[in-house]
Amino acid sequence: MCAGRAAARRPGGGWSMDTAVSHPTDSGMEYRWWYGRRSLAALLILLMGVFNNANAGAETAQLALYGQARARLAAGDLAGFQQLETKLRSFPLYPYLQYAAIQRDFTTVPDQTVEQFLSRYPQLPITPLLRTAWLRQLGRRQDWSTLLADYRGEQDVVVRCFLAQAQAATGHKDEALAQAKSLWRVGYAQPASCDATFELLANNGALTPDLVRQRLLLMLGAGHVRLADYLIAQLPGPEQPVASAWVTVYRDPGRSLTFPPAALGEPAQAQQALEAAFTHAATQDPAAAHVLWGKVAARYGVDAEVRARVDGSIALYAAYDELPQAERWLARLPPASTNDIVRAWRVRNALRAGDWRTVVKAIAVMPQAQRDQDAWCYWDARALDALGNGKQARARFRQCARRFSYYGFLAADAIGAPYYWGDAIPSPDPARQAKVRNEPGAVRALLLHRADQPADAQREWRALVRGGLDDRAQLAAARVAAAAHWPWAAMYAAASAGVRNASGLIFPLGYLQEVRTSSARSGIPAPWLLAMIRRESAFKPGVCSHAGACGLMQLIPGTAQSLYRRIEGQDAAPLETLSEPGQNIALGSRYLGELKDRFGSLVIAGAAYNAGPARVATWVVGGPAPGSARWIETLPYGETREYLQAVLFNKVVYELRLTGDTSRITTILHENVYASSAPSRPVLRD
């Protein structure tokens, strides 16, 4: 490994790495907080310390009472809850106690209590949530007049369905039918609460055959055929065969050659059905779809625009599947169907084949904005270099290397340049931080964070940061969050302020002790674990994805339970342990270690962690060297490609932050083609 020492430059009064940990490097350089020396700032810090110490005890005591009140409410001890609640009416989180009490049994809460909350706390981030729940409740009990009075434009689908029913019940039939039609024209199933809304269309003669056909075609286009039989049944008998033929062709595109063209109805809708069928077929077998589509398009006289879109889908899936025909099909696409994705995959397809001339040509025809993106800046330079155009390549590499990104690091390695660590940020401003810290939203967010209500805390913090703070105030908010040991909030505010550098605001050392403990046990380097946590969860321990992965390292419960049995010797891990930082990192690092043992590389193990080991096992066969930059760039899953690039980039930064050293990114990737020209000590630049 080529390791380097990072040094910081501080022009014009300088910037700091914003880490609360100060440690000397071998050269004597220290990363440290850089405070101004003006006496006013020093006095402010002193006064803030005195004031904060005087109030910290009272705030902690109130927070303890708040926690007790929530516990009493959860246990059903309403008398105990009310006794504590009276002591907390001046506490900033008092509205959250009221909200919790309303949520506990929404159906029995007096209307007046909800109405008072909505009118008293319009600025709270939880108020829209309560209003939506309230409107749903009003709809369920068919209190149409109150629902109309309290509706504020909410876009919740259930509320909108009840809104249409309310409008119909109060004599506003035209508005009700217009609302119902907009809810009908979607390519997916709507909630059961919308059934009565759609009955309005049928009962008023507004559910026309054309409206039914529109939705069926939208469903096919979205790949949702579950409701097809229901929709066909809504059509008059003589019109059902055409719709049935659409579904048949979707399920078996070859049948389109056995139908007479008239069987698919009028040309525009027939072509829409065929486009849906063959776009879906491209995902299953692009080679077979290509052969069949040429015959079908000619048989049905498909318009050039539709044909180009389907050709584009087939060509893209051929590239994803590494078919040798992909480059030819991509190159033949007309300009109308050549978008950024198609242009990117022309490059990736050529990269996979090592066809550097086509790489240069494919990047050259990109629009300037796309050509200047980090990825294509780097690969353009790589291709020029591979073709022997050293002078042009070096100039392009220099252009790319001045970017704080994965590709910027790769480009710096190519020319032996020091890494660029991002732009300077202003020194801390204690007065501004004090002002932000005392904003009501900041007070509530920080207290909610301490009270272990992460979702509420994050909503408050987002509302604060996005609710009118300028860049300087957002930066101050980031430093407030960092001081409160809340890494996600520091990252969020700093990113909102436009900060993009290697500072602790953007790359916090969250849960460092737990990371180091798991690193020692698993053998996975601490910078790698921090890099994954930053990408997986942004340091939010309680977050769960739509796929069910939870915690700092986003573990699927089934995987976690299997790991838990092997580590702890117990039958299963309680699901709540996934939100416990130490346990989650221990399990995640153990799993990553097992994947590394299987695949022999942390880079490939990282891909397997994201996409699954079975899938990755198919990606390491043939093509570019597994684990290389070319291999990552040509992965068929965009999510995994971006994931690996982010983790590798993060890893280099975290290695710098933890040790002052940093590996060259090409060394991590096992791409040593430029390693000999790379300096051993990258320099931290402002």
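Just to verify a result, which residue in the stretch 465-491, among those that are of a type outside the set (Lys, Arg) and touching a Lys or Arg at 6+ places or on another chain (Cβ under 7 Å), is nearest to Ala424 (Cα to Cα)?
Checking each candidate, the answer is Ala476.
Would the stretch 228-243 turn up any residue that is touching a residue at least 24 places away in the same chain (Cβ under 8 Å), within 30 Å of the chain's Cα centre (by Cα), surrounded by 13 or more Cβ atoms within 10 Å (Cβ to Cβ) and not in a helix (DSSP H, G or I)? Among the residues of the stretch 228-243, not one is touching a residue at least 24 places away in the same chain (Cβ under 8 Å), within 30 Å of the chain's Cα centre (by Cα), surrounded by 13 or more Cβ atoms within 10 Å (Cβ to Cβ) and not in a helix (DSSP H, G or I), which makes the answer no. As for the stretch 490-498, it holds no residue that is over 21 Å from the mean Cα position of the chain (by Cα), of a type in the set (Gly, Ala, Ser) and crowded, with 23+ Cβ neighbours inside 10 Å.
Quick check: anything in the stretch 317-328 on the phi > 0 side of the Ramachandran plot and either surrounded by 14 or more Cβ atoms within 10 Å (Cβ to Cβ) or at pLDDT below 95 (or both)? Yes, the stretch 317-328 has at least one match. In the set (1) closer than 27 Å to Arg664 by Cα; (2) free of Cβ contacts under 8 Å to residues at least 40 places away in the same chain; (3) touching a helix residue (DSSP H, G or I) at 6+ places or on another chain (Cβ under 9 Å), the condition left unmet by Phe649 is number (2). Taking the criterion of being of a type in the set (D, E, K, R) and within 34 Å of the chain's Cα centre (by Cα), the residues of the stretch 163-198 that qualify are Lys181, Arg185, Asp195. Screening the candidates Ala362, Ala393 for the property of being buried (at least 20 other Cβ atoms within 10 Å of the Cβ) and in contact with an Asp or Glu (Cβ under 7 Å, 6 or more places away or on another chain) yields one hit, Ala393. Got a sec? Which of Arg535, Arg590, Arg615 is in the same structural domain as Arg516 (by TED's automatic domain parsing), more than 20 Å from Arg521 (Cα to Cα), touching a residue at least 60 places away in the same chain (Cβ under 8 Å) and not acidic (Asp, Glu)? None of the other options fit; the residue is Arg535.
Pro324 meets the conditions (1) in contact with a helix residue (DSSP H, G or I) (Cβ under 7 Å, 6 or more places away or on another chain); (2) not in a helix (DSSP H, G or I) in every case but one. The failed one is (1). Test Thr577 against the stated conditions and say whether it is modelled with pLDDT under 95 and within 27 Å of Gly504 (Cβ to Cβ). When the stated conditions are applied, Thr577 does not pass them. If the condition is being in contact (Cβ under 8 Å) with a residue 12 or more places away in the chain and outside any loop (DSSP other than H, G, I, E, B), then the stretch 545-565 contributes Cys550, Leu555, Pro557, Thr559, Ala560, Gln561, Leu563, Tyr564. For the stretch 401-428, a residue qualifies if it is modelled with pLDDT of 95 or more and among the charged types (D, E, K, R), and the qualifying residues are Arg402, Arg403, Asp413.
Residues are listed down the side, and each one gets a yes or a no for (1) more than 25 Å from Lys651 (Cβ to Cβ); (2) of a type in the set (Phe, Trp, Tyr); (3) in the same structural domain as Ala455 (by TED's automatic domain parsing); (4) buried (at least 16 other Cβ atoms within 10 Å of the Cβ):
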{"site": "Ser503", "(1), (2), (3), (4)": "no, no, no, yes"}
{"site": "Gly523", "(1), (2), (3), (4)": "no, no, no, no"}
{"site": "Ala531", "(1), (2), (3), (4)": "no, no, no, yes"}
{"site": "Ala560", "(1), (2), (3), (4)": "no, no, no, yes"}
{"site": "Thr577", "(1), (2), (3), (4)": "yes, no, no, yes"}
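Of the helices (runs of 4 or more DSSP H) entirely within the stretch 581-677, those holding at least 3 residues that are in contact with a Pro (Cβ under 7 Å, 6 or more places away or on another chain) occupy 581-599, 638-659.
If we scan the stretch 471-478, do we find a residue that is surrounded by fewer than 24 Cβ atoms within 10 Å (Cβ to Cβ) and either within 21 Å of the chain's Cα centre (by Cα) or on the phi > 0 side of the Ramachandran plot (or both)? Checked against the condition, which is being surrounded by fewer than 24 Cβ atoms within 10 Å (Cβ to Cβ) and either within 21 Å of the chain's Cα centre (by Cα) or on the phi > 0 side of the Ramachandran plot (or both), the stretch 471-478 yields no hits at all.
Residue check: Thr113 meets all listed conditions (1) modelled with pLDDT under 95; (2) loosely packed, with under 14 Cβ neighbours inside 10 Å but one, namely (1).
The values are calculated or read from the model by the stated rules, or taken from the named source; none is laboratory data. From a predicted model like this one, the values you see are computed outputs, not experimental measurements. Here Cβ is always computed from backbone atoms with ideal geometry, including for glycine, and neighbour counts include all displayed protein chains.
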